[in-house]
There are 2 protein chains.
Amino acid sequence: MRWEGGVVVNIYDIAELAGVSIATVSRVLNDSPNVAEGTKLRVRRIMGENGYIPSGFSRGLGLNAMKTIGLICPDAADDYMAKAVACLERSLRNCGYDCLLCCSGYGYEDCQIAVSALVRHRVDALVLIGSVYADDDPDSERVNYIREAAAQTPVFMLNGYVRGDNICCAVCDDYDASLAAVTEMIASGRRKILFLADIDTVSTNLKRKGCRAALAKAGLELCGDISVGLANQINQTRDHLLELPDLDVNGIFAANDALAAGALKYAKARGLSVPEDLCVIGYNNSELSVCCDPELSTIDSREQRLCQIIVDFIKLRLGGKQVGGKVVAKGYLIRHGTTDF
Amino acid sequence: MRWEGGVVVNIYDIAELAGVSIATVSRVLNDSPNVAEGTKLRVRRIMGENGYIPSGFSRGLGLNAMKTIGLICPDAADDYMAKAVACLERSLRNCGYDCLLCCSGYGYEDCQIAVSALVRHRVDALVLIGSVYADDDPDSERVNYIREAAAQTPVFMLNGYVRGDNICCAVCDDYDASLAAVTEMIASGRRKILFLADIDTVSTNLKRKGCRAALAKAGLELCGDISVGLANQINQTRDHLLELPDLDVNGIFAANDALAAGALKYAKARGLSVPEDLCVIGYNNSELSVCCDPELSTIDSREQRLCQIIVDFIKLRLGGKQVGGKVVAKGYLIRHGTTDF
């Protein structure tokens, strides 16, 4: 009797083929005295015929032989997070892993609770999506909760970097990408530049610092550094800018495309021509950027590449290899209609 | 010794408090002879002090006492799906359930494989997100795979309806909402109306039929029924329309907002004024609709409401109540700048 349903034969398949419960298969694995010898022989024969190899976890607990990866992100409805979740889930499932999803929210305590909950669930690895789980300082004690998690299960971070054992990180060089883009913006003649953010994360800080560094090189300072407080609020971003008295800028560098879309709506409401009067750059190369009129110039933050690096890390690590440290992908400006350089 | 970490005390908490492995807790639950009597007494005392009630599943397998809900959607990166996944995960976690996520793709066989895989994983309930899992006919044998799943675990469908035992469905009245919107479009003087779709699902068919019914009432027919084949391809939708010879329409009813955004880009490329020359209605009330210029009129497909109905169904069902059948939420047009009625 052979399982036709797929490549990975797990404890459920064996139970189905043998016509017994999973609990019985578990008892056979543990050589429990509560299973008839005839049943034991039959279940073991089916295991052998189907090449079933119980994992340590299965042997111990009679549990699913599939590995489970915990995916944690602040908000699975956010465009960037949603794309990462979809990409990771697809790649990991292709490798035979299940994905347990947990949306933590953005708060520090909420992040801690989510990480420790999934560690207690005994996932085989943990992927933290977004820089909200990191700290500006990779050695900060503030992120000791991640090091504690990593002491129990391998941790993989997408666009965040925490230094520690059993922690692998893949990040976009948000500082360099922002520095390069704003340097070009300045070279095109814009000197009154605004930085626009919603939620302050490590990644937001790197973008802000890159922006400031480009201005400093030209002997300039930021004309404004505005945080609208809530993510993905396009019209609220527009209104926030409209309510600012004396806002006089000719370049806006936004930490994501929704913010940049709000900036474009501000420009329209003010009667400003884009990019002539106001040049705008977004971040993440999302579908929103294609919807905008003119289409938004935006920084490709290499999300698909980061996901691939994470999956490769996971395959190596769960295959028994030691991995760790940080891999950096280079972000770059995609030029559309809101810039003229 | 009392657990401070949260409301639900599960097997992991007991293991941590007792300073033993989960396997040991499991063995205590099963009264295994392989655990010292002193350890058994201690673990049982901690269970009693913390009000730990092992589920049948835990007792049998020593597994996690948390219930696990399988969420299946075609593509977690799609805006509509992402919002449903995020909303369901948050609500279900608040009820103490874990979410296992599986992205199936849109193919019929892929959907079958995903459903049967999660059933074999012994999830406590299955939520199918999107009408791709349903059939135009709720009694069709084509969706027997869902009835087979429902024979093993409760099935909940978001915007799809399959008639069967142990299946609960929450749907938007896509036919009625489309009929009403297109009726208004016709009353505003538009008689050359195009229906625009990407992937054909049950929901797409209902929108198409509603659109056709509105036209039939006015003695009209569709001016065109176009499927662009791929989801979320805004510029490809524009190009597809631009390549059509002799396209002469003054109203476009699109099955989602990305398609409608593509239609607006087509109008711009053709030099058509919106809504004067071309009136456009999208579907799903997404962030894309806010980005468009003018802002897109779009049908609110009541996604948050459907998610809430599903969660209420799950709470009742896993609380031991019998539930089933279909709940319908009424969709309605949100009027923005691409309509003038």
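The values are calculated or read from the model by the stated rules, or taken from the named source; none is laboratory data. None of the values given here were measured: they were computed from a predicted structure. For neighbour counting, all protein chains shown are included, and Cβ atoms are generated from backbone atoms with ideal geometry for every residue, glycine included.
At-a-glance table
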item: Options A:Ala170, A:Ala214, A:Ala177: the member that is surrounded by 18 or more Cβ atoms within 10 Å (Cβ to Cβ), touching a Cys at 6+ places or on another chain (Cβ under 9 Å) and modelled with pLDDT of 95 or more; result: A:Ala170
item: Top-ranked residue of region A:103-135 - restricted to ones that are assigned to a strand (DSSP E or B) and under 12 Å from the mean Cα position of the chain (by Cα), ranked as nearest to the other protein chains (Cβ to nearest Cβ); result: A:Cys103
item: Where A:Ile53 falls short, out of the listed (1) over 26 Å from A:Val127 (Cβ atoms); (2) of a type in the set (A, V, I, L, M, F, W, C); (3) modelled with pLDDT under 75; result: (1)
item: Any hit, region B:186-200, residues being buried (at least 18 other Cβ atoms within 10 Å of the Cβ), modelled with pLDDT of 95 or more and among the hydroxyl-bearing types (Ser, Thr, Tyr); result: no
item: Complete set of residues in region A:90-102 that are of a type outside the set (S, T, N, Q), in a helix (DSSP H, G or I) and surrounded by fewer than 22 Cβ atoms within 10 Å (Cβ to Cβ); result: A:Arg90, A:Arg93
item: Single unsatisfied condition, B:Glu141 versus (1) away from every other protein chain (no Cβ under 14 Å); (2) buried (at least 23 other Cβ atoms within 10 Å of the Cβ); result: (2)
item: Among the candidates A:Ala134, A:Ala181, A:Ala150, residue that is within 20 Å of A:Asp78 (Cα to Cα) and aliphatic (A, V, I, L, M); result: A:Ala134
item: Qualifying strands (runs of 3 or more DSSP E) (wholly inside region B:179-278; at least 1 residues being within 24 Å of B:Val290 (Cβ to Cβ)); result: B:193-197, B:251-254
item: Complete set of residues in region A:73-92 that are among the hydroxyl-bearing types (Ser, Thr, Tyr) and either within 21 Å of B:Arg93 (Cβ to Cβ) or within 9 Å of the chain's Cα centre (by Cα) (or both); result: A:Tyr80
item: Condition broken by B:Val274, with the remaining ones in (1) under 22 Å from the mean Cα position of the chain (by Cα); (2) over 30 Å from B:Pro138 (Cβ atoms) satisfied; result: (1)
item: Subset tally (residues that are more than 22 Å from the chain's Cα centre (by Cα), surrounded by fewer than 18 Cβ atoms within 10 Å (Cβ to Cβ) and under 11 Å from A:Asp198 (Cβ atoms)) for region A:221-235; result: 0
item: For A:Val274: the one exception among (1) more than 27 Å from A:Ala213 (Cβ to Cβ); (2) within 14 Å of chain B (Cβ to nearest Cβ); result: (1)
item: All positions within region A:217-235 that are within 14 Å of another protein chain (Cβ to nearest Cβ) and at pLDDT 95 or above; result: A:Ile234, A:Asn235
item: Boolean, B:Ala187 is more than 14 Å from every other protein chain (Cβ to nearest Cβ), out of contact with any Ser or Thr (no Cβ under 9 Å at 6 or more places or on another chain) and not aromatic (Phe, Trp, Tyr); result: yes
item: Selection from region A:64-92 of residues that are more than 7 Å from chain B (Cβ to nearest Cβ) and more than 18 Å from A:Ser131 (Cα to Cα); result: A:Ala65, A:Met66, A:Lys67, A:Thr68, A:Ile69, A:Ser91, A:Leu92
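One line per residue, one yes/no per condition, for (1) of a type in the set (A, V, I, L, M); (2) under 28 Å from A:Gly70 (Cβ atoms); (3) in a loop (DSSP other than H, G, I, E, B); (4) touching a Ser or Thr at 6+ places or on another chain (Cβ under 9 Å):
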residue	(1), (2), (3), (4)
A:Ser289	no, no, no, yes
A:Pro294	no, no, yes, yes
A:Ile299	yes, no, no, yes
A:Gln304	no, yes, no, no
A:Gln308	no, yes, no, yes
A:Val311	yes, yes, no, yes
A:Gln322	no, yes, yes, no
A:Gly337	no, no, yes, yes
A:Phe341	no, no, yes, yes
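Conditions tested, residue by residue: (1) closer than 20 Å to B:Arg190 by Cβ; (2) within 12 Å of another protein chain (Cβ to nearest Cβ); (3) touching a residue at least 12 places away in the same chain (Cβ under 8 Å).
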{"position": "B:Arg270", "(1), (2), (3)": "yes, no, yes"}
{"position": "B:Leu288", "(1), (2), (3)": "no, yes, yes"}
{"position": "B:Leu296", "(1), (2), (3)": "yes, yes, yes"}
{"position": "B:Glu303", "(1), (2), (3)": "no, yes, yes"}
